[in-house]
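Before any comments, here is the structure.
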Amino acid sequence: MIERAYGLGEQSGLAVWTEDEAGPYRTQPYQGKNWHPQGEPLKQPHEYFPNGTAKIMTLFHPREGNVRIKGTLSTANPILHAWLKENLSEIVDALPPANALKSPEDNRAIWESWRQDLTVKFTLPETLPPLRLLLVCDNLAGHKTPAFVLWLCEHGILPLYTPLGGSWLNMAESIQKILKHRALDGQHPTEPQQIIDNFEAVARAWNRAPTPFLWGGKRAQRRQHARLRKRYQLPASGACTYQPVRKHLSLLEKCLCA
């Protein structure tokens, strides 16, 4: 059903977003490629002092490639739910007006059609607004609290929970891995706020020229389609692109090279 949402959700007039939390990222030296003046390689210390961790909350729109992130020291339910409600409300409000439905029965049938094959289900409320958005997320307990699920349904949002061991179905995993490399490779943050600032800086740079993601799961039909048109597979999930991810410098890297 999640693969179907990636392939047919937007064509059916529904927005398809993905959600995930990344981290914790520690205050430590990070290996990886980095930019530096010629002849002045970046040196990392052989010892460091742990000074806390940072986490990143992510909302990603594969069709357009836009990402919304927020750095935080904790992703406890009050913090995570407040951020998701604020951003999802903005996303839903910006969508085109919903089509008028003939009856509540037809409306419920649409909701049920998008969750019929899901492993993790919940009881839908009796009264449902028009379905506006499909939200792919993992099945952590915090994503399934009754109050939060009811809020999603009241705003026309249907959560699609990935099954156990199915994180590769969430394309937010791929964008998080790309941002992580750009934000932390070759860096040595000594404060959690530095990690947060790095992530938010590279996310702003990414959104200036986002790369749309397509679903590239390992199915025979998709493999056949890939032979006809070149694809670039992305790490961490089944996402792919038809163009290489731009290797532009992040704002942090440009500052280091200046």
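The values are calculated or read from the model by the stated rules, or taken from the named source; none is laboratory data. Just so we're clear, the structure is a prediction, and the values are computed from it rather than from any experiment. All Cβ positions, even for glycine, are placed from backbone atoms using ideal geometry, and neighbour counts span all protein chains on display. SASA here: full protein model, heavy atoms, side chains in, ligands and nucleic acids out. Shrake-Rupley method; radii C 1.70, N 1.55, O 1.52, S 1.80 Å.
With the Cα gyration tensor of segment 50-92 giving a ≥ b ≥ c as the square roots of its eigenvalues, does the rule (a/c under 1.5 for rounded; else a/b larger than b/c for prolate; else oblate) give rounded, prolate or oblate?
Taking the square roots of the gyration eigenvalues as a ≥ b ≥ c, segment 50-92 is oblate.
Take the residue pairs LYS55/LYS180; LYS55/LYS85; LYS85/LYS144; LYS121/LYS177; LYS33/LYS177; LYS33/LYS180 and return only those whose Cα atoms are more than 23 Å apart.
From the list (LYS55/LYS180; LYS55/LYS85; LYS85/LYS144; LYS121/LYS177; LYS33/LYS177; LYS33/LYS180), the Cα-Cα distance tops 23 Å for LYS121/LYS177.
Determine, from the Cβ-Cβ distance of HIS188 and ALA82 and an R0 of 30 Å, the FRET efficiency 1/(1 + (r/R0)^6), rounded to the nearest 0.05.
The calculated FRET efficiency here is 0.45.
Calculate, for the chain, the solvent-accessible area per residue in square angstrom, rolling a 1.4 angstrom probe over the heavy atoms of the protein chains.
For the chain, the per-residue accessible area is 54 Å².
To the nearest 0.05, what FRET efficiency results for TRP35 and GLU90 with a Förster distance of 30 Å applied to their C-beta separation?
On the way: r = 34 Å, r/R0 = 1.13.
That gives a FRET efficiency of 0.30.
Segment 1-84: percent of C-alpha pairs farther apart than 20 Å?
Beyond 20 Å sits 58 percent of the P(r) for segment 1-84.
Taking a spot 7 Å from the Cα of ASN99 along the direction of its beta carbon, which residues of segment 1-25 have an amide N less than 18 Å from it?
5-16
Which translational diffusion coefficient, to the nearest whole µm²/s, is obtained for the chain from the Stokes-Einstein equation, given a Kirkwood hydrodynamic radius over C-alpha pairs, 25 °C and 0.890 mPa s?
Using the Kirkwood radius from Cα pairs, D works out to 124 µm²/s.
Working from Cα positions, state the angle (0 to 90°, nearest 10) between the long axis of helix 104-113 and the longest principal axis of the chain.
40 degrees
At q = 0.12, 0.14, 0.16, 0.21 Å⁻¹, what is the base-10 log of I(q)/I(0) for segment 65-194 according to the Debye formula with one equal point scatterer per Cα and no solvent? Please give it to two decimals.
The computed values of log10 I(q)/I(0) come out as -0.57, -0.75, -0.95, -1.45.
Would you work out if segment 117-195 is rounded, prolate or oblate? Take a ≥ b ≥ c from the square roots of the eigenvalues of the alpha-carbon gyration tensor; rounded if a/c is under 1.5, else prolate when a/b is larger than b/c, oblate otherwise.
prolate
Please work out how much length the chain gains when fully extended from ARG208 to GLN44, using 0.36 nm per residue of separation minus the C-alpha to C-alpha distance, in nm with one decimal.
Gain on extension, ARG208 to GLN44, equals 56.0 nm.
Does anyone have the angle between helix 192-208 and the longest principal axis of the chain? Alpha-carbon axes, 0 to 90°, nearest 10?
60 degrees
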